[in-house]
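K.L.:
What follows is a single structure, and I will ask about it in a moment.
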Amino acid sequence: MKFITKSEKDTFKLGQKLARQLCGGEVLALIGELGSGKTILIKGVAKGLGIKKHITSPTFVLMKVYKTNEHELKTNLHKSRIQWLCHVDAYRLKSGQDLIDIGLNDWLGRPDTVTVIEWADRVKDVLPKNKIVIKFKVGKENNERIIKIYGISLRA
């Protein structure tokens, strides 16, 4: 699926829409150049999962884990089991072994967790086959982003 967003707000809303489709266990593999909207989309996903904390890329710590707001998720029964968002930033890595060393396998594919990996193309060696790939490109207009999502169909 291809989306064209015209602002950070649009990219954020797309992340919220994506969050409504998640059930738990998904791995979102984000690929795109610096400033293409990866973190904004993740902020939208986090908001859609009921996370109220300020989301920043874990560039220097590599991985941050956030607790979802289960009360907010109870309104959508298929999602009520998502308890965690694991946010990974692989920008500074050469392979996925660094992520394995800090415990990524403890979170990947867990039915109560959604794992989002920025710069996923740098750690292909540890990604599951059934990942959702999201590719970002900067568009021609100011703040325009072209976002292609593979591996899931978004419903209204």
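K.L.:
Which one is nearest to LYS53 (Cα to Cα), of the residues in the range 81-95 that are among the basic types (Lys, Arg) and within 18 Å of the chain's Cα centre (by Cα)?
P.N.:
In this case the residue turns out to be ARG81.
K.L.:
Please enumerate the residues belonging to the range 48-66 that are farther than 18 Å from ALA90 by Cα and either of a type in the set (Val, Ile, Thr) or at pLDDT 95 or above (or both).
P.N.:
ILE51
K.L.:
May I pose another question? Can you find a residue in the range 80-90 that is farther than 18 Å from LEU18 by Cα and either β-branched (Val, Ile, Thr) or modelled with pLDDT of 90 or more (or both)?
P.N.:
Step one: list which residues in the range 80-90 are farther than 18 Å from LEU18 by Cα, which gives 89-90.
Pick out the ones that are also either β-branched (Val, Ile, Thr) or modelled with pLDDT of 90 or more (or both) and you get 89-90.
Yes - at least one qualifying residue is present in the range 80-90.
K.L.:
Which residue is modelled with the lowest pLDDT, if the candidates are limited to the range 129-152 and must be closer than 18 Å to THR115 by Cα and in a loop (DSSP other than H, G, I, E, B)?
P.N.:
ILE152
For (1) polar (S, T, N, Q); (2) free of Cβ contacts under 8 Å to residues at least 12 places away in the same chain; (3) in contact with a Leu (Cβ under 7 Å, 6 or more places away or on another chain); (4) on the phi < 0 side of the Ramachandran plot, each residue gets a yes or a no:
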site	(1), (2), (3), (4)
GLN83	yes, no, no, yes
CYS86	no, no, no, yes
GLY96	no, no, no, yes
ILE102	no, no, yes, yes
VAL116	no, no, yes, yes
TRP119	no, no, no, no
LYS124	no, no, no, yes
ASN130	yes, no, no, yes
GLY151	no, no, no, no
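K.L.:
While we're here: Has the range 96-117 got any residue that is within 25 Å of LYS2 (Cβ to Cβ) and more than 15 Å from the chain's Cα centre (by Cα)?
P.N.:
No - not one qualifying residue is present in the range 96-117.
K.L.:
Condition test on GLU70, is it modelled with pLDDT under 90, charged (D, E, K, R), surrounded by fewer than 21 Cβ atoms within 10 Å (Cβ to Cβ) and out of contact with any Leu (no Cβ under 8 Å at 6 or more places or on another chain)?
P.N.:
Taking the combined requirement at face value, the residue satisfies it.
The values are calculated or read from the model by the stated rules, or taken from the named source; none is laboratory data. Predicted, not measured: the structure shown is a model, and the values here were computed from it. Every residue, glycine among them, receives a Cβ derived from its backbone with ideal geometry; neighbour counts consider all protein chains shown.
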